[in-house]
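To start, the structure under review is shown below, and the notes come after it.
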Amino acid sequence: MSVTLPRHEDLMLPTLKVLDELGGSGSNDEINDAVIAGQGFSQAQLDVVYEKSGAPVLVDRLSWARSYLKMPGFLASAGRGVWVLTDAGREALSLNSDQLRKKVNEAYRRLNAERQKKSAIENAEAHKAEDEANWSDRLLAKLKSIEPAAFERLAQRLLRESGFVKVEVTGKAGDGGIDGVGVLRMNLISFQVLFQCKRYAGSVSAGTVRDFRGAMQGRADKGLIITTGTFTTDAKREATRDGAPAIDLVDGELLCQLLKERGLGVTVRQVVVEEVDIDAGFFDGL
(Lines give C-alpha, C1' and ligand atoms only; values in the text may rest on other atoms or scores of the structure.)
Protein backbone atom coordinates (compact mmCIF):
# COMPACT_ATOMS: atom_id res chain seq x y z
CA MET A 1 0.00 0.00 0.00
CA SER A 2 1.47 3.37 -1.03
CA VAL A 3 1.92 6.07 1.58
CA THR A 4 0.74 9.59 0.80
CA LEU A 5 3.06 12.42 1.83
CA PRO A 6 2.36 16.17 1.93
CA ARG A 7 4.09 18.36 -0.64
CA HIS A 8 6.60 20.93 0.54
CA GLU A 9 4.09 23.74 -0.13
CA ASP A 10 1.62 22.02 2.20
CA LEU A 11 4.20 22.28 4.97
CA MET A 12 4.88 26.00 4.65
CA LEU A 13 2.02 27.34 6.77
CA PRO A 14 2.55 24.73 9.53
CA THR A 15 6.23 25.76 9.56
CA LEU A 16 5.34 29.43 10.07
CA LYS A 17 2.94 28.56 12.88
CA VAL A 18 5.49 26.33 14.62
CA LEU A 19 8.15 29.05 14.54
CA ASP A 20 5.67 31.50 16.00
CA GLU A 21 4.90 29.02 18.79
CA LEU A 22 8.62 28.48 19.39
CA GLY A 23 9.05 32.19 20.09
CA GLY A 24 10.12 33.31 16.64
CA SER A 25 13.15 31.08 16.11
CA GLY A 26 14.10 27.44 16.07
CA SER A 27 16.64 24.92 14.88
CA ASN A 28 16.03 22.49 12.04
CA ASP A 29 15.36 19.62 14.46
CA GLU A 30 13.06 21.70 16.66
CA ILE A 31 10.99 22.81 13.66
CA ASN A 32 10.85 19.31 12.16
CA ASP A 33 9.79 17.70 15.44
CA ALA A 34 7.12 20.32 16.15
CA VAL A 35 5.62 20.19 12.63
CA ILE A 36 5.62 16.37 12.61
CA ALA A 37 3.94 16.24 16.02
CA GLY A 38 1.45 18.97 15.18
CA GLN A 39 0.41 17.42 11.88
CA GLY A 40 0.13 13.96 13.36
CA PHE A 41 2.17 12.19 10.70
CA SER A 42 2.19 8.42 10.96
CA GLN A 43 5.27 6.28 11.43
CA ALA A 44 4.68 4.91 7.93
CA GLN A 45 4.98 8.42 6.53
CA LEU A 46 8.13 9.07 8.55
CA ASP A 47 9.65 5.83 7.29
CA VAL A 48 9.43 6.77 3.61
CA VAL A 49 12.96 7.35 2.30
CA TYR A 50 14.61 8.11 -1.01
CA GLU A 51 15.69 4.97 -2.78
CA LYS A 52 19.24 6.08 -3.56
CA SER A 53 20.25 8.17 -0.55
CA GLY A 54 18.04 6.62 2.12
CA ALA A 55 17.21 10.11 3.43
CA PRO A 56 13.69 10.60 4.90
CA VAL A 57 11.45 12.23 2.30
CA LEU A 58 9.28 14.08 4.80
CA VAL A 59 12.26 15.72 6.52
CA ASP A 60 13.60 16.76 3.11
CA ARG A 61 10.28 18.36 2.17
CA LEU A 62 10.25 20.25 5.47
CA SER A 63 13.68 21.58 4.55
CA TRP A 64 12.39 22.69 1.14
CA ALA A 65 9.42 24.38 2.83
CA ARG A 66 11.82 26.54 4.87
CA SER A 67 13.90 27.36 1.80
CA TYR A 68 10.85 28.50 -0.15
CA LEU A 69 9.58 30.58 2.79
CA LYS A 70 12.91 32.40 2.72
CA MET A 71 12.29 33.65 -0.85
CA PRO A 72 9.56 36.19 0.02
CA GLY A 73 11.37 37.04 3.26
CA PHE A 74 9.02 35.19 5.62
CA LEU A 75 11.95 33.32 7.18
CA ALA A 76 15.59 34.26 7.62
CA SER A 77 18.52 31.96 8.23
CA ALA A 78 20.49 32.86 11.35
CA GLY A 79 23.20 30.31 10.57
CA ARG A 80 24.10 27.00 12.20
CA GLY A 81 20.73 25.51 11.24
CA VAL A 82 18.67 28.15 13.07
CA TRP A 83 15.71 29.87 11.41
CA VAL A 84 14.04 33.14 12.40
CA LEU A 85 10.46 34.24 11.77
CA THR A 86 10.54 37.74 10.27
CA ASP A 87 7.95 40.52 10.63
CA ALA A 88 6.73 39.67 7.13
CA GLY A 89 6.45 36.05 8.24
CA ARG A 90 4.28 37.03 11.21
CA GLU A 91 1.99 38.96 8.88
CA ALA A 92 1.83 35.90 6.60
CA LEU A 93 0.34 33.87 9.46
CA SER A 94 -3.00 35.45 8.63
CA LEU A 95 -2.94 33.92 5.12
CA ASN A 96 -4.49 30.61 4.23
CA SER A 97 -2.48 27.89 2.47
CA ASP A 98 -3.48 28.97 -1.05
CA GLN A 99 -2.69 32.65 -0.38
CA LEU A 100 0.65 31.75 1.16
CA ARG A 101 1.51 29.49 -1.78
CA LYS A 102 0.70 32.32 -4.21
CA LYS A 103 2.97 34.76 -2.33
CA VAL A 104 5.82 32.26 -2.34
CA ASN A 105 5.34 31.46 -6.04
CA GLU A 106 5.41 35.16 -6.91
CA ALA A 107 8.68 35.57 -4.98
CA TYR A 108 10.11 32.48 -6.67
CA ARG A 109 9.30 33.82 -10.14
CA ARG A 110 10.71 37.23 -9.28
CA LEU A 111 13.97 35.80 -7.91
CA ASN A 112 14.25 33.42 -10.84
CA ALA A 113 13.80 36.30 -13.29
CA GLU A 114 16.47 38.30 -11.44
CA ARG A 115 18.86 35.33 -11.54
CA GLN A 116 18.26 34.88 -15.26
CA LYS A 117 18.82 38.58 -15.90
CA LYS A 118 22.00 38.55 -13.83
CA SER A 119 23.17 35.45 -15.66
CA ALA A 120 22.43 37.08 -19.02
CA ILE A 121 24.39 40.19 -18.02
CA GLU A 122 27.32 38.10 -16.78
CA ASN A 123 27.29 36.06 -19.99
CA ALA A 124 27.15 39.22 -22.09
CA GLU A 125 30.06 40.70 -20.15
CA ALA A 126 32.02 37.47 -20.52
CA HIS A 127 31.37 37.42 -24.28
CA LYS A 128 32.31 41.09 -24.49
CA ALA A 129 35.59 40.45 -22.66
CA GLU A 130 36.22 37.46 -24.93
CA ASP A 131 35.44 39.51 -28.02
CA GLU A 132 37.72 42.30 -26.77
CA ALA A 133 40.54 39.80 -26.37
CA ASN A 134 39.83 38.19 -29.74
CA TRP A 135 39.72 41.39 -31.79
CA SER A 136 42.78 42.91 -30.12
CA ASP A 137 44.73 39.67 -30.59
CA ARG A 138 43.79 39.58 -34.26
CA LEU A 139 44.69 43.24 -34.68
CA LEU A 140 48.07 42.83 -33.01
CA ALA A 141 48.80 39.80 -35.16
CA LYS A 142 48.05 41.88 -38.25
CA LEU A 143 50.19 44.80 -37.06
CA LYS A 144 53.12 42.46 -36.46
CA SER A 145 52.83 41.11 -40.00
CA ILE A 146 53.05 44.43 -41.85
CA GLU A 147 56.32 45.97 -43.03
CA PRO A 148 58.22 48.25 -40.58
CA ALA A 149 57.72 51.21 -42.93
CA ALA A 150 53.96 50.56 -43.00
CA PHE A 151 53.89 50.46 -39.20
CA GLU A 152 55.70 53.80 -39.09
CA ARG A 153 53.14 55.30 -41.48
CA LEU A 154 50.36 53.94 -39.28
CA ALA A 155 51.97 55.64 -36.27
CA GLN A 156 52.16 58.86 -38.29
CA ARG A 157 48.44 58.62 -39.13
CA LEU A 158 47.55 57.83 -35.53
CA LEU A 159 49.46 60.86 -34.23
CA ARG A 160 47.77 63.11 -36.78
CA GLU A 161 44.37 61.76 -35.75
CA SER A 162 45.36 62.46 -32.14
CA GLY A 163 46.04 66.17 -32.64
CA PHE A 164 49.68 66.21 -33.76
CA VAL A 165 50.75 68.43 -36.65
CA LYS A 166 53.83 68.45 -38.88
CA VAL A 167 54.24 64.72 -38.33
CA GLU A 168 57.13 63.36 -40.35
CA VAL A 169 58.54 59.86 -40.60
CA THR A 170 62.32 60.02 -40.81
CA GLY A 171 63.45 56.43 -40.28
CA LYS A 172 67.06 57.37 -40.78
CA ALA A 173 69.61 54.66 -40.12
CA GLY A 174 71.88 55.38 -37.18
CA ASP A 175 69.55 58.03 -35.78
CA GLY A 176 69.32 56.45 -32.32
CA GLY A 177 66.10 54.65 -33.14
CA ILE A 178 64.14 57.84 -33.84
CA ASP A 179 61.52 57.07 -36.47
CA GLY A 180 59.71 60.38 -36.69
CA VAL A 181 58.89 63.78 -35.29
CA GLY A 182 55.73 65.74 -34.71
CA VAL A 183 54.35 68.78 -32.95
CA LEU A 184 51.64 68.49 -30.33
CA ARG A 185 49.65 71.69 -29.88
CA MET A 186 47.80 72.25 -26.62
CA ASN A 187 45.98 75.57 -26.73
CA LEU A 188 48.77 78.19 -26.93
CA ILE A 189 51.59 75.77 -26.16
CA SER A 190 53.37 73.44 -28.60
CA PHE A 191 55.66 70.51 -27.86
CA GLN A 192 58.20 68.99 -30.18
CA VAL A 193 57.82 65.20 -29.88
CA LEU A 194 60.11 62.51 -31.23
CA PHE A 195 58.63 59.02 -31.62
CA GLN A 196 59.93 55.52 -32.05
CA CYS A 197 58.02 52.52 -33.44
CA LYS A 198 58.72 49.03 -32.13
CA ARG A 199 56.93 46.21 -33.95
CA TYR A 200 57.70 43.77 -31.14
CA ALA A 201 56.21 40.47 -30.07
CA GLY A 202 57.95 40.68 -26.70
CA SER A 203 58.74 43.42 -24.19
CA VAL A 204 60.62 46.68 -24.70
CA SER A 205 63.47 46.92 -22.18
CA ALA A 206 64.71 49.78 -20.02
CA GLY A 207 67.86 49.91 -22.18
CA THR A 208 65.79 50.76 -25.24
CA VAL A 209 64.12 53.61 -23.35
CA ARG A 210 67.49 54.95 -22.18
CA ASP A 211 68.97 54.80 -25.69
CA PHE A 212 65.96 56.62 -27.11
CA ARG A 213 66.23 59.32 -24.46
CA GLY A 214 69.90 59.76 -25.28
CA ALA A 215 69.06 60.16 -28.99
CA MET A 216 66.38 62.80 -28.32
CA GLN A 217 68.53 64.80 -25.90
CA GLY A 218 68.45 68.49 -26.89
CA ARG A 219 66.25 67.79 -29.93
CA ALA A 220 62.72 67.58 -28.49
CA ASP A 221 60.57 68.36 -25.47
CA LYS A 222 59.07 64.90 -25.18
CA GLY A 223 59.44 61.38 -26.49
CA LEU A 224 56.97 58.66 -27.43
CA ILE A 225 57.56 54.94 -27.94
CA ILE A 226 54.83 52.92 -29.67
CA THR A 227 55.01 49.14 -29.66
CA THR A 228 52.85 46.15 -30.52
CA GLY A 229 54.35 44.38 -27.52
CA THR A 230 54.66 45.39 -23.88
CA PHE A 231 57.06 47.31 -21.65
CA THR A 232 59.00 45.76 -18.81
CA THR A 233 58.55 47.16 -15.31
CA ASP A 234 62.06 48.62 -15.50
CA ALA A 235 61.22 50.25 -18.83
CA LYS A 236 58.16 51.94 -17.34
CA ARG A 237 60.22 53.10 -14.38
CA GLU A 238 62.94 54.43 -16.69
CA ALA A 239 60.37 56.33 -18.80
CA THR A 240 59.29 58.38 -15.77
CA ARG A 241 62.64 58.65 -13.98
CA ASP A 242 63.09 61.83 -11.96
CA GLY A 243 65.38 64.40 -13.50
CA ALA A 244 65.11 62.98 -17.02
CA PRO A 245 62.83 64.04 -19.90
CA ALA A 246 59.61 62.02 -19.65
CA ILE A 247 58.88 59.47 -22.35
CA ASP A 248 55.30 58.35 -22.96
CA LEU A 249 54.73 54.66 -23.65
CA VAL A 250 52.05 53.10 -25.85
CA ASP A 251 51.93 49.33 -25.58
CA GLY A 252 50.00 46.89 -27.77
CA GLU A 253 46.84 46.98 -25.68
CA LEU A 254 46.65 50.77 -25.65
CA LEU A 255 47.56 50.90 -29.34
CA CYS A 256 44.57 48.68 -30.16
CA GLN A 257 42.25 50.91 -28.15
CA LEU A 258 43.56 54.05 -29.84
CA LEU A 259 43.09 52.55 -33.30
CA LYS A 260 39.59 51.43 -32.34
CA GLU A 261 38.61 54.85 -30.98
CA ARG A 262 39.82 56.58 -34.13
CA GLY A 263 38.44 54.00 -36.53
CA LEU A 264 41.83 53.24 -38.06
CA GLY A 265 41.54 49.76 -39.51
CA VAL A 266 38.92 48.85 -36.90
CA THR A 267 35.16 48.91 -37.53
CA VAL A 268 32.74 48.78 -34.61
CA ARG A 269 29.19 47.57 -35.15
CA GLN A 270 26.57 47.90 -32.43
CA VAL A 271 24.79 44.59 -31.75
CA VAL A 272 21.35 44.78 -30.14
CA VAL A 273 20.46 41.85 -27.89
CA GLU A 274 16.76 41.22 -27.27
CA GLU A 275 15.75 40.14 -23.79
CA VAL A 276 12.22 38.81 -23.24
CA ASP A 277 10.62 38.62 -19.80
CA ILE A 278 7.30 36.98 -18.97
CA ASP A 279 4.94 39.01 -16.75
CA ALA A 280 3.34 36.13 -14.84
CA GLY A 281 1.19 38.58 -12.88
CA PHE A 282 -0.57 39.62 -16.08
CA PHE A 283 -1.86 36.10 -16.63
CA ASP A 284 -2.65 35.53 -12.97
CA GLY A 285 -4.86 38.60 -13.00
CA LEU A 286 -6.99 37.51 -15.97
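The values are calculated or read from the model by the stated rules, or taken from the named source; none is laboratory data. Since the model is a prediction, treat every value here as computed from it, not as a measurement. Reconstructed Cβ throughout: ideal geometry from the backbone, glycine too, with neighbour counts over all protein chains shown. Side chains included, ligands, DNA and RNA excluded: accessible areas come from the protein's heavy atoms. Shrake-Rupley method; radii C 1.70, N 1.55, O 1.52, S 1.80 Å.
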Q.
Quick check on my filter: what residues within segment 255-286 are of a type outside the set (D, E, K, R), modelled with pLDDT of 85 or more and open to solvent by less than 70 Å² (accessible area, probe 1.4 Å)?
A. Leu255, Cys256, Gln257, Leu258, Leu259, Gly263, Leu264, Val266
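Each row is one residue, and each column tells you yes or no for (1) closer than 28 Å to Gly265 by Cα; (2) not aliphatic (A, V, I, L, M).
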{"residue": "Val165", "(1), (2)": "yes, no"}
{"residue": "Gly182", "(1), (2)": "yes, yes"}
{"residue": "Arg210", "(1), (2)": "no, yes"}
{"residue": "Met216", "(1), (2)": "no, no"}
{"residue": "Ala220", "(1), (2)": "no, no"}
{"residue": "Thr227", "(1), (2)": "yes, yes"}
Q) Among the listed residues Thr227, Thr208, which satisfies the condition of being in contact with a Lys or Arg (Cβ under 8 Å, 6 or more places away or on another chain) and either of a type in the set (Asp, Glu) or within 20 Å of Asp137 (Cβ to Cβ) (or both)? A) Thr227
Q) Of everything in segment 239-253 that's open to solvent by less than 70 Å² (accessible area, probe 1.4 Å) and under 34 Å from the mean Cα position of the chain (by Cα), which residue is farthest from Leu158 (Cα to Cα)? A) Ala239
**Q.** Lone unmet requirement of (1) in contact with a strand residue (DSSP E or B) (Cβ under 6 Å, 6 or more places away or on another chain); (2) open to solvent by 80 Å² or more (accessible area, probe 1.4 Å); (3) farther than 21 Å from Glu152 by Cα; (4) not hydrophobic (A, V, I, L, M, F, W, C) for Thr232
**A.** (2)
Q: Inspect all residues belonging to segment 137-151 and state whether any of them is part of a strand (DSSP E or B), at pLDDT 85 or above and open to solvent by 90 Å² or more (accessible area, probe 1.4 Å).
A: no
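Could you list, in sequence order, the residues of segment 185-212 that are hydroxyl-bearing (Ser, Thr, Tyr) and over 39 Å from the mean Cα position of the chain (by Cα)?
Ser190
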Q: Evaluate the following for Ser53: is it touching a residue at least 60 places away in the same chain (Cβ under 8 Å) and open to solvent by 40 Å² or more (accessible area, probe 1.4 Å)?
A: no
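Listed here are the residues, each with its yes/no results for (1) surrounded by 13 or more Cβ atoms within 10 Å (Cβ to Cβ); (2) closer than 23 Å to Val18 by Cα.
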position: Leu93; (1), (2): yes, yes
position: Lys103; (1), (2): yes, yes
position: Arg109; (1), (2): yes, no
position: Glu114; (1), (2): no, no
position: Lys118; (1), (2): no, no
position: Glu122; (1), (2): no, no
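When you look at Val82, is it touching a strand residue (DSSP E or B) at 6+ places or on another chain (Cβ under 6 Å) and at pLDDT 90 or above, yes or no?
yes
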Q: Go through segment 22-41 and give me each residue that's at negative phi and exposed (fewer than 12 other Cβ atoms within 10 Å of the Cβ).
A: Asp29, Ala37
